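The values are calculated or read from the model by the stated rules, or taken from the named source; none is laboratory data. Everything numeric here is computed off the predicted structure, so don't read it as measured data. Here the Cβ positions follow ideal geometry from the backbone for every residue, glycine too, while neighbour counts run over all protein chains shown. The area values use the complete protein model at the heavy-atom level, side chains included, leaving out ligands, DNA and RNA. Shrake-Rupley method; radii C 1.70, N 1.55, O 1.52, S 1.80 Å.
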Amino acid sequence: ANSTESVASVMSWPLLARVFDLPLADPQKDQLAKLFVETLITHELGHAVLSCYDIAVTSRLGESAEANSLEEMKAELMGMKFIVDRAAETGDTKHLHDLYLATIACGLDYVVNRSSSNGFGTNMYSDVGKVMLASAFDTGSLVRVGDKYMIADVRAGFAGWTKMADEICALYTDPATTPETVVAYVRGRVGKAESNEKYRDFIAKASGNI
């Protein structure tokens with residue numbers, strides 16, 4: 001937990017602070033670090049759903065780089081479903097908002113810090129960040145007002161992510177899914193994200209390029 005909190009504070013918070021124009025010493029920083037631990041737990045639980053170690057699943061998905069990316073997408077997005085279900089039970093909308101912010105920070109970390117282009121060795125995490133952040137703009141949950149970014153609709157954001165989780169789980173369970181299907185799906189999702197101008201501007205600001 002402590003190492004995860006350190007990653008959140010050192011690697012993710014500066015990115016989040018830059019896009020939302022927050023001071024680096026903002027008190028939300030410590031809270032974000034703790035929320036990162038919660039999102040990590042739900043991510044790992046997401047891996048257990050339709051396990052990729054099941055031979056029937058593996059035979060459908062294949063063992064490509066895109067299959068690895070799909071598995072990470074499934075884990076992250078199923079984690080979002082767990083978060084939404086829990087919020088529905090508790091009625092804690094404030095916690096849902098805070099977790100949404102933590103998820104955006106996680107997505108930024110995935111894209112900016114965890115791609116093969118910066119020496120991470122694989123794109124499976126950056127692929128996850130790309131599709132999640134692009135979805136946030138597509139659903140209108142994350143918007144740009146002038147030079148600043150704002151969270152406009154947390155529930156719409158989570159709804160977009162959980163819909164994608166269902167879509168991915170359908171690929172896992174559909175007997176017609178083939179390794180070629182997986183490659184096409186992931187490349188299509190990532191390509192669409194990369195062509196999203198709002199997403200590209202968001203990453204540029206997080207990276208300090210604008």
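Of the residues that sit in region 97-141 and are under 10 Å from the mean Cα position of the chain (by Cα) and open to solvent by 30 Å² or more (accessible area, probe 1.4 Å), which one is farthest from Thr162 (Cα to Cα)?
Looking at the filtered set, the residue picked out is Tyr125.
Answer yes or no as to whether Phe36 is in contact (Cβ under 8 Å) with a residue 12 or more places away in the chain, aromatic (Phe, Trp, Tyr) and open to solvent by 50 Å² or more (accessible area, probe 1.4 Å).
Taking the combined requirement at face value, the residue does not satisfy it.
Kindly establish whether Thr122 is not in a helix (DSSP H, G or I) and not charged (D, E, K, R).
Spelling it out, Thr122 is indeed not in a helix (DSSP H, G or I) and not charged (D, E, K, R).
Quick one: would you say Phe137 is at pLDDT below 90 and within 21 Å of Leu70 (Cα to Cα)?
So Phe137 does not fit the description; no.
Being closer than 11 Å to Leu70 by Cβ and open to solvent by 80 Å² or more (accessible area, probe 1.4 Å) is the filter here; which residues of region 175-210 pass it?
The answer is Arg187, and nothing else.
From the list Ala156, Ala165, Ala152, exactly one residue is surrounded by 14 or more Cβ atoms within 10 Å (Cβ to Cβ), over 19 Å from Ser64 (Cα atoms) and more than 17 Å from the chain's Cα centre (by Cα). Which is it?
Ala152
Between a residue in region 158-175 that is farther than 17 Å from Gly107 by Cβ and any residue that is of a type in the set (A, V, I, L, M, F, W, C) and in a helix (DSSP H, G or I), which pairs come within a Cβ distance under 7 Å, given they are 6 or more apart or on different chains?
Leu171/Val182; Tyr172/Val57
Any idea which of Asp85, Asp109 is farther than 23 Å from Cys169 by Cβ and part of a helix (DSSP H, G or I)?
Only one candidate qualifies: Asp109.
Quick check: anything in region 55-71 open to solvent by less than 20 Å² (accessible area, probe 1.4 Å), at pLDDT 85 or above and closer than 22 Å to Met11 by Cβ?
The answer is yes; a qualifying residue exists.
Checking the condition closer than 27 Å to Lys205 by Cα, at pLDDT below 85 and touching a Lys or Arg at 6+ places or on another chain (Cβ under 7 Å), which residue from Ser3, Ser116, Ser9 passes?
None of the others qualify; the one that does is Ser9.
Anything in region 141-155 that is in contact with a helix residue (DSSP H, G or I) (Cβ under 9 Å, 6 or more places away or on another chain) and either of a type in the set (Gly, Ala, Ser) or under 19 Å from Asn123 (Cβ atoms) (or both)? List them, or say none.
The answer is Ser141, and nothing else.
When Ala67 is evaluated against the numbered criteria (1) assigned to a loop (DSSP other than H, G, I, E, B); (2) under 23 Å from Tyr185 (Cα atoms), which criterion, by number, is the only one it fails?
(1)
Which residues, counting only those in region 39-54, are crowded, with 17+ Cβ neighbours inside 10 Å, within 15 Å of the chain's Cα centre (by Cα) and under 17 Å from Cys169 (Cβ atoms)?
Once the filter is applied, which keeps residues that are crowded, with 17+ Cβ neighbours inside 10 Å, within 15 Å of the chain's Cα centre (by Cα) and under 17 Å from Cys169 (Cβ atoms), region 39-54 yields Thr42, His43, Gly46, His47.
Would you check if Glu76 is surrounded by fewer than 21 Cβ atoms within 10 Å (Cβ to Cβ) and of a type outside the set (A, V, I, L, M)?
Criteria not met by Glu76.
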